[in-house]
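Take a look at the structure set out below.
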Amino acid sequence: MPKVLITGVAGFIGSHLADRFLKEGYGVIGIDNFLTGRVDNIKHLRNNPSFVFIENDLGREQAFDFKADIILNFASPASPVDYFKYPIETMRVNAFGALNMLKLARKNNAVFVQASTSEVYGDPEIHPQTEDYVGHVNPIGPRSVYDEAKRFAEALSMSFFREFNTKVRIIRIFNTYGPRMKSNDGRVIPNFITQALSNKPITIYGTGKQTRSYCYVDDLVEGIFRVATLDGIDGEVFNLGNPEEYTILETAEIIKEIIGSNSELKFLPALQDDPKRRCPDITKSKEILGWEPRIPFREGLIKTIEYFKKNG
Ligand code: UDP
């Protein structure tokens, strides 16, 4: 049975990846320290004989000795609220966690997929963002703990590729949403859904004219599966996201309308260094992976709203 090791397995995306790889017949080893991940996200896997869980904080240098064919390095706080709260932990896990897993990938001759982020582009000056855009990041702003940590993890991954031919692939994940996000995660979709469901004011940071593009988690997982299992793409970087762009105000209106909520909009001060526009160019992913998102925003939102109604 092929084996995949997933760090951050109790997180929103990590837990969906575990489900997908188990369904494809892989054995899954999952690691998490529950700093921002949740037991609830993986409790359905408790009695699955193909799933092994290890509680471990990857934010320090360690040697591991697992056998794995694929390593998916997803351990990191990822919501701005979380990385503002855990800045040092965020930097540690993206440095030492990546190092530990790259060393293990090298030892196993395994495929190594580094979860990176659209945040490496910072507040971008070109639209939409292609993989060769080098970014516009403030290295000392509050978001830098995440942006620079992920840039470091990318640089380290590429060093292993160049130095040792490790089978590295980097994915830059754009805003993703779906079931298993935390209702108090702080990101725009869970915030707006939670607020709209309880008819509380919807909090708009700044003018609400900034944009984001949202990918439903099942689409993202399909893209990651292809990156992890395709041959001939070592050392490559892929944008994974949905290129349909919405302003934050539009996002609020769509969520209100689906829920039938009468929440007011409450305008709060803009966050520092909040990117004004964000939209992936996925030409490369379409051409090489044959991948593009399929689930329309409204359809994904309906599934996510159902989840928050049950679990909110
Ligand atoms: N945002 C907002 N109200 C909220 C949460 C987020 O207006 O309650 C805005 C935030 O300022 C940003 C966008 O929504 O412009 C997306 O924020 P999120 O935290 O989801 O992730 P980001 O894309 O910034 O990493």
| task | List every residue pair whose Cβ atoms sit under 6 Å apart, with the two residues 6 or more apart in sequence or on different chains, where the first one lies in the range 170-182 and is farther than 10 Å from Asn311 by Cα and the second, anywhere, is near the ligand (Cβ under 10 Å from one of its atoms) and of a type in the set (A, V, I, L, M, F, W, C). | result | Tyr177/Ile189
| message | Looking only at the range 209-237, how many residues end up being within 16 Å of the ligand (Cβ to nearest atom), β-branched (Val, Ile, Thr) and out of contact with any Cys (no Cβ under 9 Å at 6 or more places or on another chain)? | response | 1
| Could you say which residue among Lys284, Lys200 is basic (Lys, Arg), in contact with a strand residue (DSSP E or B) (Cβ under 7 Å, 6 or more places away or on another chain) and more than 10 Å from the ligand (Cβ to nearest atom)? | Lys284
| note | Subset of the range 256-276, residues closer than 21 Å to Leu301 by Cα and within 11 Å of the ligand (Cβ to nearest atom), comes to Leu265
| note | Within the range 266-312, of all residues that are of a type in the set (Gly, Ala, Ser), modelled with pLDDT of 95 or more and in a loop (DSSP other than H, G, I, E, B), the one surrounded by the fewest Cβ atoms within 10 Å (Cβ to Cβ) is Gly290
| Which pairs do you get when a residue that is within 15 Å of Val113 (Cβ to Cβ) and among the β-branched types (Val, Ile, Thr), found in the range 63-82, comes within reach of a residue that is more than 16 Å from the ligand (Cβ to nearest atom) and in a loop (DSSP other than H, G, I, E, B), reach meaning Cβ atoms under 9 angstrom, with the pair 6+ apart or on two chains? | Ile70/Pro2; Ile70/Tyr26; Ile70/Ala110; Ile71/Ala110
| note | Expected single match for within 16 Å of the ligand (Cβ to nearest atom) and modelled with pLDDT of 95 or more among Tyr133, Tyr121 is Tyr121
| remark: Every listed condition ((1) in contact with a helix residue (DSSP H, G or I) (Cβ under 7 Å, 6 or more places away or on another chain); (2) of a type outside the set (Ser, Thr, Tyr); (3) buried (at least 17 other Cβ atoms within 10 Å of the Cβ); (4) assigned to a helix (DSSP H, G or I)) holds for Ile258 save (3)
| field | Every residue from the range 165-176 that is out of contact with any Lys or Arg (no Cβ under 6 Å at 6 or more places or on another chain), closer than 23 Å to Gln272 by Cα and either within 12 Å of the ligand (Cβ to nearest atom) or not charged (D, E, K, R) (or both) | value | Ile173, Phe174, Thr176
| request: Mind listing whichever residues of the range 182-203 are more than 17 Å from Phe84 (Cβ to Cβ) and crowded, with 21+ Cβ neighbours inside 10 Å? | output: Ile189, Phe192, Ile193, Gln195, Ala196, Ile202
| Residue count, the range 118-130 (criterion: out of contact with any His (no Cβ under 7 Å at 6 or more places or on another chain), buried (at least 21 other Cβ atoms within 10 Å of the Cβ) and outside any helix (DSSP H, G or I)) | 1
| task | Give the residues of the range 238-247 that are out of contact with any Cys (no Cβ under 8 Å at 6 or more places or on another chain) and crowded, with 21+ Cβ neighbours inside 10 Å, sorted by residue number. | result | Phe238, Asn239
| field | Breaking point among (1) part of a helix (DSSP H, G or I); (2) touching an Asp or Glu at 6+ places or on another chain (Cβ under 8 Å), for Gln114 | value | (1)
| Out of (1) buried (at least 21 other Cβ atoms within 10 Å of the Cβ); (2) closer than 20 Å to Gly232 by Cα, what's the single condition that is false for Ala98? | (2)
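The values are calculated or read from the model by the stated rules, or taken from the named source; none is laboratory data. Fair warning: this is a prediction, and the values are worked out from it, not measured in the lab. Glycine also receives a Cβ, built like all others from the backbone with ideal geometry; neighbour counts cover every protein chain displayed.
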